[in-house]
Every structure is written in C-alpha cells, then in structure tokens.
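> This is the structure I want to talk about, given as structure tokens.
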Amino acid sequence: MDIDVTQEDNCYTIKLGGFFDTDSSPALQQKVEDIMSETYEKKDEFSVVFDLNAVEFVSSAGLRVLLMAKKMTDRQKGKMSVVTDRQPIREVFNMTGFSKILNLQ
C-alpha cells in the first residue's frame, strides 16, 4: 500500500493507494499514532482526512485502523473524514456499518 501524508495548517491528509489489508495496516497505524502524538502536543483543533480514492481493497484489518483513528481523533476533539468515490470501497463501508460510524464523503 502507498501512504502519503501531507499537512496544511492543522489538517492532515492521508492518501492511500493499493491494498489496505493485514500486511499494510501496521504502517498506517504507526502514521496515525504519530499524527495523534503531534496533535496532542500542540493542543490545537485539527482534522484528519483519509483519501481512499486509489484504494483497491479494504480488509477488516484496514477497517480496524480506521476505527482506531476515529476513536483517537474523537478523544482529542479532532475531526476525521474518509473520502472515496470508489463504489466497491463504499459498499464495504455500507455492508459493515462503517458508513454510519465514519464521516464518509
């Protein structure tokens, strides 16, 4: 999986590409934890945007990382959203109920 993190002001955009599965989830989890640590130290409002437009597949391990990111973001009073225009990925979120948990755009 490709992971590209950019930051503009207090908005972190995480662009993912490829397969979001058991093999790639630990690397993304570490990136999320790094961002949360950085935002915790600043104590400013922040947002995290996951751009999944180039993701081909999401497994339960990938969903777990997104759920963890959502919980951590909420705990620190941040905002999180997931962006994708790929119908198969949106269907995974709908079937698992994640479309009701996450701010899916």
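> Treat each spin label as a single point 7 Å out from the Cα along the C-beta direction, and report the residue 74 to residue 27 distance in nm.
Here the answer is 2.9 nm between the modelled labels.
> Among 83, 72, 18, which residue has its Cα furthest toward the positive end of the charge dipole of the range 1-86, with +1 on Lys/Arg Cβ and -1 on Asp/Glu Cβ?
Working it through, the farthest residue towards the positive pole turns out to be 72.
> Summarise the accessible area of the range 1-81 (1.4 Å probe, protein heavy atoms) by the percent that is carbon and sulfur.
Heavy-atom surface of the range 1-81 belonging to carbon and sulfur, 1.4 Å probe: 48 percent.
> In Å², and per residue, what accessible area does the chain have when probed at 1.4 Å with the other protein chains present?
That works out to 57 Å² for each residue.
> Can you give the % of DSSP beta bridges in the range 3-105 that are antiparallel, to the nearest 5?
30
> Then there is this: Over the range 26-97, calculate the relative contact order: mean separation of alpha carbon pairs under 8 Å at least 6 apart, over the residue count, as a percent.
Relative contact order for the range 26-97 comes out at 42 percent.
> Moving on to the next point. Report the trypsin sites (Lys or Arg not before Pro) located in the range 1-78 that are in a DSSP loop and have at most 15 other Cβ atoms inside 10 Å of their Cβ, or state none.
Here the trypsin sites (Lys or Arg not before Pro) that fit, given the DSSP loop and packing criteria, are 43, 77.
> Can I ask one more? Gap in Å between the Cα centre of the range 19-48 and the Cα centre of the range 69-101?
Cα centroid of the range 69-101 versus Cα centroid of the range 19-48: 14 Å apart.
> Ok, one more. Between residue 87 and residue 101, what length in nm is gained on full extension when 0.36 nm per residue of separation is reduced by their alpha carbon distance? Walk me through the numbers before you get to the answer.
Working: separation 14, 0.36 × 14 = 5.04 nm, distance 1.79 nm.
Taking residue 87 through residue 101 to full extension adds about 3.3 nm, to one decimal.
> Something else now. In degrees, nearest 10, range 0 to 90: what is the angle between the Cα axis of helix 25-42 and the longest Cα principal axis of the chain?
Here the helix axis deviates by roughly 20 degrees.
> So what's the net charge close to residue 3: Lys and Arg +1, Asp and Glu -1, counting the other residues with Cβ under 12 Å from its Cβ?
Here the charged neighbours net out to -2.
> Using only DSSP helix segments of four residues or longer, with each worth -39500 (n - 2.57), what per-residue ellipticity at 222 nm results for the chain after dividing by its residue count and rounding to 500? Write down the numbers at each step before the final one.
Values: 4 runs with 48 residues, N = 105.
The per-residue figure over the chain is -14000 deg cm²/dmol.
> Can you tell me the dipole magnitude for the chain around its Cα centre, using point charges on the Cβ only (Lys, Arg +1; Asp, Glu -1), in Debye to the nearest 20?
Around 520 debye, computed over the chain.
> Angle check, please: helix 87-96 long axis (alpha carbons) against the longest principal axis of the chain (alpha carbons), in degrees 0 to 90, nearest 10.
80
The values are calculated or read from the model by the stated rules, or taken from the named source; none is laboratory data. Keep in mind that this is a model prediction, so the values were computed, not measured. We place every Cβ from the backbone using ideal geometry, glycine too, and count neighbours over all the protein chains shown. Heads up: the accessible areas ignore ligands, DNA and RNA and are worked out on the full protein's heavy atoms, side chains in. Shrake-Rupley method; radii C 1.70, N 1.55, O 1.52, S 1.80 Å.
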